[in-house]
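FYI, it's all coordinate maths here, none of it is from the lab. In this text the structure is predicted, and so the values were computed from the model without any measurement. A quick note on method: Cβ atoms are made from the backbone with ideal geometry, for glycine too, and the neighbour counts reach across all protein chains shown.
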Amino acid sequence: MGIEIKDLTKVYGPQAAVDHISFTVGTGEIVGFLGPNGAGKSTTMKIATCYLPPTSGTVLVNGFNVVEDPKQVRRQVGYLPEHNPLYLDMYVREYLHFVGKLHGLGGSSLQTRTEEMIQLCGLDREKHKKIGALSKGYRQRVGLAQAMIHDPAVLILDEPTTGLDPNQIVEIRALIKEVGQAKTVLFSTHIMQEVSALCDRVLIINQGKLVADSPVAELKNMGRKETRILAEFEAEVDTSPILTLPQVQRIEPAGLHKYRIIATSGSDLRSAIFRLAGEQGWPLVGLQQEENSLEKLFQDLTQSKK
Ligand SMILES: Nc1ncnc2c1ncn2[C@@H]1O[C@H](COP(=O)(O)OP(=O)(O)OP(=O)(O)O)[C@@H](O)[C@H]1O
């Protein structure tokens, strides 16, 4: 079931911050939500977590409608908002207890869930501190712990790694990956490597409109009219026999003893080139199919519409 969004629009005055978007996030999927500043990511996430009403369209979270059944939606969903508002004067454990109680937990299940979240989110060493005394990374962990305390099936995380140092980024990503094995996760980010590292699928939104919804691997080949293979040799070689391979269009120099072989789209010529190198006695040391960079693709999809 996961998240089902159909023809969602949110209008602020004259501006359509979200403009007729539709997508689904299936159970057990981790999906990255990308877009430039002001594209409509947070607005979409706030609607899916019942913090904002939609102007029109339908949003279902695990089958429950955000407008008709917000109580059920809140039970199904854990939300880490962009600015992660926390009560800085509360102690970590006290705060998690407080949030757990808001979700209707009590007695031993409240104690157990709080301890589980402290362990899962790596908060054990910091659990006796006030939230105000924690570093940004640890506050983010508290934010994740509060989002998961009621064991929701769906997690919606708005820029969960923004402002963290590289070590903390790696740790929070690992945590998302771990919890994502059992839950549906939609998270927004500006970091392309994060999408490659974490996601099954990526959504790109620009000026309120969805401009891509695709598996990460497919996205890397999107818009590509040709296949490019980078071949590296130990010494200079006469590459003209490569031009006789079917589908090869041209060869360009790409550095010392390196050549970029350009072929028609969809053809993977690596094994043919490997065989040819053996026949010709070429000292081949590297053979690699080049992918689109996600950064470039993101620019293409989000700048052309401005
Ligand atoms: N309460 C509001 N009133 C008026 N306009 C708003 C309001 N909230 C958001 N907007 C506008 O809606 C658009 C989408 O904003 P949103 O916060 O959803 O973008 P975003 O993709 O999350 O951006 P960022 O990456 O910068 O967080 C922006 O132009 C923003 O100024």
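Gyration tensor over the Cα atoms of the range 142-182: the corresponding equivalent ellipsoid has semi-axes (square roots of 5 times the eigenvalues, largest first) of 18, 11, 8 Å. Computed packing ranks the peptides 6-17, 142-153 as 142-153, 6-17, most packed first, by mean other Cβ atoms within 10 Å. Cα-based values for the range 114-262, radius of gyration first and Dmax second, are 22.6, 70 Å.
Straight-line reach from K136: taking Cα to Cα under 14 Å and skipping same-chain neighbours fewer than 8 places apart, the aspartates and glutamates in range are E82, E126, E159, D165, E171. The C-alpha atoms of the chain define a longest principal axis, and helix 107-120 lies at about 30 degrees to it. Taking the 0 to 90 degree range and rounding to the nearest ten, how far is the long axis of helix 294-303 tilted relative to the main principal axis of the chain, both from C-alpha atoms? Tilt of helix 294-303: around 70 degrees.
Each 10 Å bin from zero holds the following percent of Cα-Cα pairs in the range 48-99: 22, 40, 28, 10, 0. The three principal axes of the C-alpha atoms in the range 171-212 carry coordinate ranges of 32, 19, 13 Å, sorted with the longest axis first.
Hey, any idea what Rg/Rh is for the range 221-294, computing Rh the Kirkwood way over Cα pairs?
Working: Rg = 11.8 Å, Rh = 12.4 Å.
Result: Rg/Rh = 0.95.
Considering every alpha-carbon pair of the range 117-164, the percent of pairs per 5 Å bin, from zero through the bin containing the longest distance, is 5, 21, 31, 24, 13, 5, 0.
Packing, as the average of other Cβ atoms within 10 Å across residues, places the peptides 126-139, 190-203 in the order 190-203, 126-139, highest first.
Which of the three applies to the range 1-141, rounded, prolate or oblate, going by the alpha-carbon gyration tensor with a ≥ b ≥ c and a/c under 1.5 meaning rounded? Kindly include the intermediate steps, with their values, before the conclusion.
On the way: a/c = 2.29, a/b = 1.73, b/c = 1.32.
The shape class here is prolate.
Partner lysines whose Cα lies under 18 Å from the Cα of K10, excluding those fewer than 8 positions away in the same chain, are identified as K41, K46, K209. Seen through its C-alpha gyration tensor, with square-root eigenvalues sorted a ≥ b ≥ c, the range 4-87 comes out rounded because a/c lies under 1.5. Each semi-axis of the equivalent ellipsoid for the chain is √(5λ) with λ an eigenvalue of the Cα gyration tensor; in descending order they amount to 45, 24, 16 Å. From the residues V77, G208, F98, which one has its Cα farthest along the dipole of the chain in the positive direction, the dipole being from +1 and -1 charges on Cβ of Lys/Arg and Asp/Glu about the Cα centre? Selected residue: F98.
DSSP beta bridges fully contained in the chain are about 70 percent antiparallel. For the range 85-232, a crude dipole built from +1 on the beta carbon of Lys and Arg and -1 on the beta carbon of Asp and Glu, taken about the Cα centre, is about 140 debye to the nearest 20.
Think of it as helices only: each DSSP H run of n ≥ 4 in the chain is worth -39500 (n - 2.57), and spread over all residues that comes to -10000 deg cm²/dmol at 222 nm.
Computed on the chain, with alpha-carbon pairs under 8 angstrom and 6+ residues apart, the relative contact order is 20 percent. Dividing the mean sequence gap of close Cα pairs (under 8 Å, 6+ apart) by how many residues the range 85-228 holds gives a relative contact order of 18 percent.
Rounded if a/c is under 1.5, else prolate if a/b is larger than b/c, else oblate: which is the range 107-199, with a ≥ b ≥ c the root eigenvalues of its Cα gyration tensor?
Note, shape of the range 107-199 comes out oblate.
A Gaussian network model of the chain, with springs between Cα atoms under 10 Å, assigns the largest mean-square fluctuation among G32, G208, G278 to G278. For the chain, the longest principal axis of the Cα atoms and the long axis of helix 92-102 meet at an angle of about 70 degrees.
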